[in-house]
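Asker: I have a structure here, written as structure tokens, and I will follow up with some questions on it.
The values are calculated or read from the model by the stated rules, or taken from the named source; none is laboratory data. Note that the coordinates shown come from a computational prediction; the quantities given were computed from them, not determined experimentally. Here Cβ is always computed from backbone atoms with ideal geometry, including for glycine, and neighbour counts include all displayed protein chains. Each accessible area value is taken on the protein alone, full model and side chains, heavy atoms only, with ligands, DNA and RNA left out. Shrake-Rupley method; radii C 1.70, N 1.55, O 1.52, S 1.80 Å.
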Amino acid sequence: MSRTRGSNQALALAQGLGWFSIALGVAEVLAPHRVTRATGLHGHERLVSSYGVREIVTGIGLLTAKDPTPWVWGRVGGDALDLGTLAAGVAGPQRERSGVAFLMTLGIAALDVACALALRRPLPAAMASFRRRSGLPKPPGAMRGAASDFVVPADFRTPEALRPLNEKAG
């Protein structure tokens, strides 16, 4: 499969996001107190450390995967989680710090979404022709009543001993 210039740029951006994820994750794991103080989330050091582990794993996935697209979408999901956490901090006592961190994370999330969309591959021409197919051999109206004369084979029927009492008599 040949790569276009745009997809090569998206792959390079994904690699950069991978290194960014690892660096951010290491900072969150090794210095959670500094990160929480800078983001206005003091008291949530364990949460920030767990987010750091998520960032490191995502970064490694971005740098090692043949197709980084799912990992970039994983970053987008992580951004949503981060934004939710920071939004809760905006209501806290250090709302200015949390607000700045929220805006920075929003910018990174936009970059992640742009990268994920750029990595999408168009459907091959053979697949595009199946979009309007239903899987039925004829339109539903033409098939209505086609099996009205179907008789269930004897070996498909419920054995006499297992039938409900009201069916045994009839």
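Asker: Residues that are at pLDDT 85 or above: find the helices (runs of 4 or more DSSP H) completely inside region 77-154 holding 2 or more of those.
Answerer: Fully inside region 77-154 and qualifying: 95-119.
Asker: Name the residue that is modelled with the highest pLDDT, counting only residues in region 49-69 that are surrounded by fewer than 14 Cβ atoms within 10 Å (Cβ to Cβ) and within 30 Å of Asn8 (Cβ to Cβ).
Answerer: Here the answer is Thr64.
Asker: Return the residues of region 14-40 that are more than 14 Å from Thr58 (Cα to Cα) and open to solvent by 60 Å² or more (accessible area, probe 1.4 Å); say none if nothing qualifies.
Answerer: If the condition is that a residue be more than 14 Å from Thr58 (Cα to Cα) and open to solvent by 60 Å² or more (accessible area, probe 1.4 Å), then Leu30, His33, Arg34, Arg37, Ala38 are the ones that fit.
Asker: Could you check how many residues of region 62-73 are out of contact with any Gly (no Cβ under 7 Å at 6 or more places or on another chain) and either assigned to a loop (DSSP other than H, G, I, E, B) or under 20 Å from Leu117 (Cβ atoms) (or both)?
Answerer: Number of matching residues: 8.
Asker: In region 48-61, is there at least one residue being of a type outside the set (Asp, Glu) and farther than 30 Å from Arg120 by Cα?
Answerer: So far as region 48-61 goes, yes, one or more of its residues are of a type outside the set (Asp, Glu) and farther than 30 Å from Arg120 by Cα.
Asker: Note down all Cβ pairs under 8 Å where the first residue falls in region 10-33 and is without any contact (Cβ under 8 Å) to a residue 24 or more places away in the chain, the second is surrounded by fewer than 16 Cβ atoms within 10 Å (Cβ to Cβ) and assigned to a helix (DSSP H, G or I), and they're at least six residues apart or on different chains.
Answerer: If the second residue must be surrounded by fewer than 16 Cβ atoms within 10 Å (Cβ to Cβ) and assigned to a helix (DSSP H, G or I), the pairs left are Pro32/Arg46.
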